[in-house]
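Inspection log for the structure reproduced underneath, given as structure tokens.
The values are calculated or read from the model by the stated rules, or taken from the named source; none is laboratory data. All figures in this text were calculated on a predicted structure; none of them were measured in a lab. FYI the Cβ positions are ideal-geometry reconstructions off the backbone, even for glycines, and counts take in every protein chain you see.
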Amino acid sequence: MLVRFWGTRGSLPVAQKADTIQAKIARALVAAGGRRFADAAEADAFARAELDFATYGAYGGATSCVEIEGADGAFVVCDMGSGLREFGIDSFRRIAAGHPPVYHLFLSHLHWDHIMGFPFFGPAFNPAATIVIHSGHADAETALRRQQEEISFPVPFEWLKAKFEFVVHRPGEVFEAAGLSVSLVAQHHSHDSYGYRFEKAGRAVIYSTDSEHKMDNMEAEVAFETFFGGADLVICDTMYSLGDTVSLKQDWGHSSNIVAVDLCHAAHARRLVLFHHEPTYADADIQRMHGETIRYEELVRADRPPLEVICAYDGLEVRV
Ligand SMILES: [Zn+2]
Ligand SMILES: [Zn+2]
């Protein structure tokens with residue numbers, strides 16, 4: 001399986017402002033220290049080798065949208081955040097190259113940041129496309145139709161040309177979709193949310209966002225240790241720092257990087273992806289949180305096998 005991140009920001013899309021880019025360029029020039037580069041490729045090689053990610057890159061600002069490639073002849077996508085628009089455009093390119101126009105979309109929940117990309121999803125207008133929308137929520141179709149209503153958007157749902165199918169699943173149920181074995185778990189979040197486990201040929205990927213885990217009640221988290229059990233990749237809601245989750249933002253429905261490491265350790269997972277980044281965090285803040293998470297994992301690892309900690313950014317690809 002190849003996991004491709006089209007949107008990794010939580011709650012609200014964000015864009016880089018001019019002063020942010022200017023500060024990155026200034027830091028890069030200082031780091032170059034007057035060095036001369038023959039061409040852009042040489043400068044790029046220097047940047048990749050010598051600069052930190054917050055200086056030469058950016059975590060990105062599109063909201064939740066993650067593709068899992070490797071299913072049998074269909075696109076598989078988790079959530080329809082603003083990253084869905086770019087995925088839709090890219091899927092047209094792949095369909096022109098022979099990929100079937102079949103989409104399986106899995107919804108964690110119906111909050112706006114997880115469905116806002118749908119009105120801009122080009123394949124919904126393709127009469128040859130089949131779009132299957134999987135959800136744990138019986139009101140998923142209502143949510144998607146409602147945001148197309150005239151008061152919010154000029155194109156009503158009825159004008160969409162693709163063949164739509166809405167499938168509601170129950171936690172604990174195991175089903176096949178697009179050549180993957182799929183199951184879901186109910187998560188603690190306003191109006192509920194669901195995490196998904198995708199398995200193929202002995203490999204497992206977990207998509208678990210907008211889920212509040214509480215460190216002072218780890219007994220209640222046993223269900224998640226089981227659900228994450230032995231996973232090769234766990235994409236986890238790590239929106240807040242530990243300080244925020246135990247004080248100001250307790251009961252806001254999100255988790256910290258610390259509890260994500262604890263759960264992945266307990267589940268003997270191999271890799272953790274930090275995901276659903278707080279929109280007010282600058283690239284340097286997210287990078288710092290990534291570093292702190294790596295150090296925390298090393299501190300509490302004890303005799304367990306190492307858990308690799310990856311920080312998601314728009315455009316990241318991880319092979320499982
Ligand atoms: Zn969210
Ligand atoms: Zn939410």
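Values as computed for the structure displayed
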| read-out | value |
| --- | --- |
| Selected residue [out of contact with any Cys (no Cβ under 9 Å at 6 or more places or on another chain) and either within 16 Å of ligand 2 (Cβ to nearest atom) or touching a residue at least 12 places away in the same chain (Cβ under 8 Å) (or both)] from LEU51, LEU107 | LEU51 |
| Unique residue being at pLDDT below 95 and among the acidic types (Asp, Glu) when the list is ASP72, ASP79 | ASP72 |
| Lone unmet requirement of (1) exposed (fewer than 15 other Cβ atoms within 10 Å of the Cβ); (2) within 25 Å of ASP303 (Cβ to Cβ); (3) out of contact with any Lys or Arg (no Cβ under 8 Å at 6 or more places or on another chain) for ALA201 | (2) |
| Selection from segment 1-15 of residues that are surrounded by 14 or more Cβ atoms within 10 Å (Cβ to Cβ) and away from ligand 2 (no atom under 16 Å from the Cβ) | MET1, VAL3, ARG4, PHE5, TRP6, VAL14 |
| Among residues of segment 151-182, those that are in contact with a Lys or Arg (Cβ under 6 Å, 6 or more places away or on another chain) and either surrounded by 19 or more Cβ atoms within 10 Å (Cβ to Cβ) or among the acidic types (Asp, Glu) (or both), counted | 1 |
| Residues located in segment 75-115, provided they are assigned to a loop (DSSP other than H, G, I, E, B) and surrounded by fewer than 18 Cβ atoms within 10 Å (Cβ to Cβ) | ALA97, GLY98, HIS99, PRO100 |
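Yes/no matrix, rows are residues, columns are (1) within 16 Å of ligand 1 (Cβ to nearest atom); (2) within 22 Å of SER208 (Cα to Cα); (3) over 13 Å from the mean Cα position of the chain (by Cα):
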position	(1), (2), (3)
ASP79	yes, yes, no
ALA96	no, no, yes
TYR103	no, yes, yes
TRP112	yes, yes, yes
PRO123	no, no, yes
PRO127	no, no, yes
